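Derivation of every value follows stated rules applied to the coordinates shown; laboratory data play no part. Owing to the predicted nature of the structure, the values given are computational and were not obtained by experimental measurement. Every residue, glycine among them, receives a Cβ derived from its backbone with ideal geometry; neighbour counts consider all protein chains shown.
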Amino acid sequence: MAALTPEVLGMLAFTLLAFYGVAGWALVRTLRQESRKVEILRHQDRMETYSPAALAELRDWIETNPDDPLVDRARRQHNECVTVLRQTDNHFYDWSDAEIDRLERV
Amino acid sequence: MGDVPTKTARAEWGSRFGFLMAMIGAMVGAGNIWRFPYVMGNNGGGAFVLAFLTLLVVLAVPGLMAEVALGRYANKGVIGAFRAVVGRGGLVGLGVVVLLVNIALMSYYSPVVGWTLYYAVHSLLFTFTSSGFQAEPFMNEFFASSLLVIALHTIVMGSIAAILVLGIRRGVERIVVYAVPALVLSLVVMAIRGLTLPGASEGLAFAFGIQWEYLARSDTWITALGQALFSTGLGWGIALTVGSYLREYDDVPLGGGLFTAIGESSVGILAALAIFPIVFAVEGVEPDAGAGLAFVSLVQVFPEIPLGGIVAILFFLGFFLATFTSGLLITEVSVTTLSEETRFDRTQTTLGVCGAIWLLGLPSAYSVDILDYLDFVFGNWGLPLATISIIGVIGWVMGPQRLRLLSVNRNAGIHVGRWWDPVIKYVIPSVMVFIVAYFAYDNFGTPEMIGGMFVLVVFPIIGYALMSVLEGRGGQPEGAEVSGGDD
């Protein structure tokens, strides 16, 4: 085992962590999220589609690009998310009641 | 949704795991098994891993997010997705370019799948551990037998057709959810066997020893760049097609981007752990790449190690599954888009596409030289052309910000910020143009370079002319044309 220097072992450990650690984390996280979505949809027909940060960014874009060819689609997606947030009790993303109350359709 | 797609109801993945395994199954191919470990060991070991990982995170992860998101945004295959962005007309021909590249790629990849099938069958017969077996004459005899390779090519395309006619959920998904874990498991068992052999540490040192000076060499970065882009299949239309079957509330960036890019590369790392300890454990066997590694070096090793016959079965079955699932998804790109664009149903389209690929693949099955030529031409110029088409349309017509807001961050498992936009718009297209130019410069005047230039010029002309004729006078569908915006 003479060739196994600390440097080789360190690189091996780093590689395993960087690849298998990240891939494993992503796999577990996405499968858990899937289970949670399935659980939410068991109790209600619809679910919100955007996180607070993503919805805020979408809203900003709609307001600053009113003539964009895709603004109608963006508005539809934004408003659908707002409607669902108001009509449902279980949320996938971390929405507070105060944040939902402040939301407006665009 | 129904299992079998029709003109009115589009199929969807039956589970999140099915989608993830389809992505990994598509992207993990022969290159992960017989190229990556050698390239890694020969380009500075750990230093190469660092360069590769950097480029993977900077380019492949965002690029895959974009491609999958476009598929989900359009809910169509490659041609329909291009139409959804550029509107009706000749520019939809860029989707035809992607289609043509995929058909060409599969025409020479199918015989390679046939090679792995042949070796998998012989591993089950314990041929490699029988007395008097000689690896190199066995391989040479096999490659010289054109009829045998044509027969294998026929079996492969027939099997792919049989699975694809069953549809996305009952066909593709049902295969990949078992095949991909089986591939990983076979490599894990092989790695455990290899790492417990005396002398295995030499193999680990070859693969994971750090030669820092390699990080200062341009060759290391160009090789890592090619590996990061080609291994992940970025921009080939596969991720777009797989993404088009996502369900309403599915995430794109976490599963389609991060997990796919890092996960498929992990299989290459696993292959290095499985292969090199075994190769270095036997004296007199040299590490190699390609057919020389899989069909000579490793085959020479199996009789020399305890339980070598079993290890051979694990390796070649895993290798076959890796190539077969890639072939399945590469073919699905054409089946999906042509069944949407023509009046033929899925069964008719599958039979037509597989028949055409079979016919076009006969020269590659007949001669390894033709296969090598096509591999070089399409690997260096055809596939980058497809990537430039897809990422270029996202970056410069659709606009990355719009795609990020409308598709990437919708139902996302991780939030993708503004940093993503310039990567898609400027970095990936620039890198792809650099790769095309670099390969052209490096192979200037060779028949391969001339073939590559032919593909670069003629494929877009064919695509543009074809779609101009087919739908140029069809008018603009409402809401289809999204060009004009800028990020």
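General remarks:
- Placing R0 at 56 angstrom, the Cβ-Cβ distance between B:Ile310 and A:Thr83 gives a FRET efficiency of 0.40 after rounding to 0.05.
- Net length gained if the chain between A:Arg32 and A:Glu104 were fully extended (0.36 nm per residue, minus Cα distance): 22.9 nm
- Taking amide H as placed 1.01 Å from N in the peptide plane, B:Ile210 has its amide H under 5 Å from the amide H of B:Gly46, each at least 5 places away in sequence or on another chain.
- Förster-model FRET efficiency, 25 Å R0, B:Leu466 and B:Ala9, C-beta, rounded to 0.05: 0.35
- Label zone at A:Trp95, where the point sits 7 Å out along the Cα-to-Cβ direction: the range A:39-67 residues whose backbone N lies under 13 Å: A:45-56
- By average C-beta atoms within 10 angstrom, highest first, the peptides B:107-120, B:21-34, B:370-383: B:21-34, B:107-120, B:370-383
- In the protein assembly as shown, a dipole from Cβ-located charges (positive for Lys and Arg, negative for Asp and Glu) runs towards its positive end, and of A:Leu16, B:Gln134, B:Ile262 it is B:Ile262 whose Cα lies farthest in that direction.
- Least to most buried among A:His43, A:His78, B:His415, B:His122 (fewest other Cβ within 10 Å first): A:His43, B:His415, B:His122, A:His78
- Contour minus Cα-Cα distance for A:Arg73 and A:Trp25 (0.36 nm per residue): 14.0 nm
- Tensor-based shape of the range B:71-112 (alpha-carbon gyration tensor, a/c under 1.5 rounded, otherwise prolate or oblate): oblate
- Per-residue Karplus couplings for the range B:419-429, computed as 6.51 cos²θ - 1.76 cosθ + 1.60 with θ equal to phi - 60°, are listed in order as 4, 5, 4, x, 4, 6, 7, 10, 5, 5, x Hz, Gly and Pro entered as x.
- Peptides B:239-251, B:169-181 ranked from most to least packed give B:239-251, B:169-181, packing being the mean of other C-beta atoms within 10 angstrom over each peptide's residues.
- Rounded, prolate or oblate (a/c below 1.5 giving rounded, otherwise prolate when a/b exceeds b/c) for the range B:207-319 by Cα gyration tensor: oblate
- In this rough spin-label picture, where each label sits 7 Å from Cα along the Cβ direction, the A:Glu7-B:Arg247 distance is 5.0 nm.
- The phi-based Karplus calculation (6.51 cos²θ - 1.76 cosθ + 1.60; θ = phi - 60°) puts the 3J(HN,Hα) values of the range B:142-151 at 5, 5, 6, 8, 4, 4, 5, 5, 4, 5 Hz, whole numbers, x for Gly and Pro.
- Relative to the current alpha-carbon distance between B:Asp442 and B:Arg418, full extension at 0.36 nm per residue lengthens the span by 5.1 nm.
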